[in-house]
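Participant: Pasting a structure here, questions to come.
The values are calculated or read from the model by the stated rules, or taken from the named source; none is laboratory data. Everything numeric here is computed off the predicted structure, so don't read it as measured data. Here the Cβ positions follow ideal geometry from the backbone for every residue, glycine too, while neighbour counts run over all protein chains shown.
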Amino acid sequence: MFFDTPFAAMQAAVDIVDKSPHPTNKIAATLYGLHFGLSRTNYWPEPIAEAFGTTQDVGNSSGTVHAETACILKAGTATEGSILCITDPFCPNCAKNIVEAGVKKIYIDHKGFDKDFFQRRSGHFHSMSMQVCEKAGVSVFELWRKDERVVPIFESAPGRFISEDSPIYKEPIETPSDSILNDIIASSFHLHQKRKFAIVFATDVSGKHFSLTARGHAVTGFTMEDPEDVKLIETPQTKYSYFQEPVNRLLMYMARHGLKPVEGFFFCSQVPTSREQVNLVGAGIKRITIGDIRKSRDSQGLAAMRQLGSAKVLKYV
Ligand SMILES: [Zn+2]
């Protein structure tokens, strides 16, 4: 599908929102660019729905993939510079994914601000989600479909450039193999010392193979050079953080640049968080290699691994 206005794109999201399998929080989004467009609702990835149904959490994460993140993971083409229309204000985790995926503008349907669901959770939107967008230079608008009107919530300065402290490292490789992966893992352990990192092999549209390496890092636009940012990053938040985990960074980087993961070559130096593991399943990943199987950001990551591993949703090597 192609869209030439955010109004048409928002309408496409509104048209499918009732199809969301979620019993109470039905949310839909449309992501589009010059050459692509798709709409998705929030949903449970099939392997998770089959194994745990729709009421059980995976670790401390719900088993759902949010509509915004679903659009990014399923875009199938580079999401850099794209536009996202959402029926509801977005959560901080999606904000982090949206900025990492290179989305430049977000429109939120005005009706989303009136819903009960939002009234209960609006704190996270106004503090964290918006702060993440502002730092990353992503513009956010409220949209009225009926009178085709938008009002900026935050508008980024044109041509603003955001530098990254810890860019993802990309290098071309020959045909993916375990021995190439093992070599890169060994040199990465040396390079990153005790920091958490992840590696994936990916293919571009022309079939060339690459190795991508990411460290966990503050969300795009936040920097460890700024004492104010450091304070924020290091202050524990309730359920969310200003930190972007390395597996999520890789998933979003691949979406941003239109790269596809090569099945069987995803590595993380420790057990990913519950949310990362759910996103991996949502991205269609079936197998992940772990450096230290006893280590995770929190005990919930380990719990999620036991759950997904024993139900054979994800294979841990
Ligand atoms: Zn979300």
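Participant: Look through region 46-67, keep the residues that are farther than 27 Å from ILE108 by Cα and among the β-branched types (Val, Ile, Thr), and return whichever of them is farthest from the ligand (Cβ to nearest atom).
Facilitator: My answer is THR55.
Participant: May I ask you to say which residue of VAL278, VAL230, VAL262, VAL271 is touching a helix residue (DSSP H, G or I) at 6+ places or on another chain (Cβ under 6 Å) and among the aliphatic types (A, V, I, L, M)?
Facilitator: Values: VAL278 fails: touching a helix residue (DSSP H, G or I) at 6+ places or on another chain (Cβ under 6 Å); VAL230 fails: touching a helix residue (DSSP H, G or I) at 6+ places or on another chain (Cβ under 6 Å); VAL262 fails: touching a helix residue (DSSP H, G or I) at 6+ places or on another chain (Cβ under 6 Å).
Answer to the selection: VAL271.
Participant: Taking region 243-283 as the region of interest, how many residues are under 24 Å from GLY81 (Cβ atoms), assigned to a loop (DSSP other than H, G, I, E, B) and touching a residue at least 60 places away in the same chain (Cβ under 8 Å)?
Facilitator: 3
Participant: State yes or no: is GLY76 away from the ligand (no atom under 15 Å from the Cβ), at positive phi and crowded, with 17+ Cβ neighbours inside 10 Å?
Facilitator: Values: away from the ligand (no atom under 15 Å from the Cβ): yes; at positive phi: yes; crowded, with 17+ Cβ neighbours inside 10 Å: no.
Taking the combined requirement at face value, the residue does not satisfy it.
Participant: Just to check your reading of the model, which residue among ALA70, ALA12 is modelled with pLDDT of 95 or more, within 29 Å of VAL151 (Cβ to Cβ) and within 16 Å of the ligand (Cβ to nearest atom)? Spell out the reasoning first.
Facilitator: On the way: ALA12 fails: within 16 Å of the ligand (Cβ to nearest atom).
Criteria check complete, one pass: ALA70.
Participant: Another one. Need pairs with beta-carbon distance below 7 Å; first residue assigned by TED's automatic domain parsing to the domain that holds ILE27 and at negative phi and within region 91-103, second among the β-branched types (Val, Ile, Thr) and near the ligand (Cβ under 9 Å from one of its atoms); sequence gap 6+ or separate chains.
Facilitator: CYS94/THR69; ASN97/THR69
A quick yes/no check of all residues on (1) surrounded by fewer than 18 Cβ atoms within 10 Å (Cβ to Cβ); (2) touching a residue at least 24 places away in the same chain (Cβ under 8 Å); (3) touching an Asp or Glu at 6+ places or on another chain (Cβ under 9 Å):
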position: MET10; (1), (2), (3): no, yes, yes
position: ALA13; (1), (2), (3): no, yes, yes
position: LYS19; (1), (2), (3): yes, no, no
position: ALA28; (1), (2), (3): no, yes, yes
position: PHE36; (1), (2), (3): yes, yes, no
position: SER39; (1), (2), (3): no, yes, yes
position: PRO47; (1), (2), (3): no, yes, no
position: ASP109; (1), (2), (3): no, yes, yes
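Participant: Filter the strands (runs of 3 or more DSSP E) completely within region 107-225 down to those with at least 3 residues that are in contact with a helix residue (DSSP H, G or I) (Cβ under 9 Å, 6 or more places away or on another chain), more than 30 Å from GLN11 (Cα to Cα) and not charged (D, E, K, R).
Facilitator: So the answer is 197-203, 209-215.
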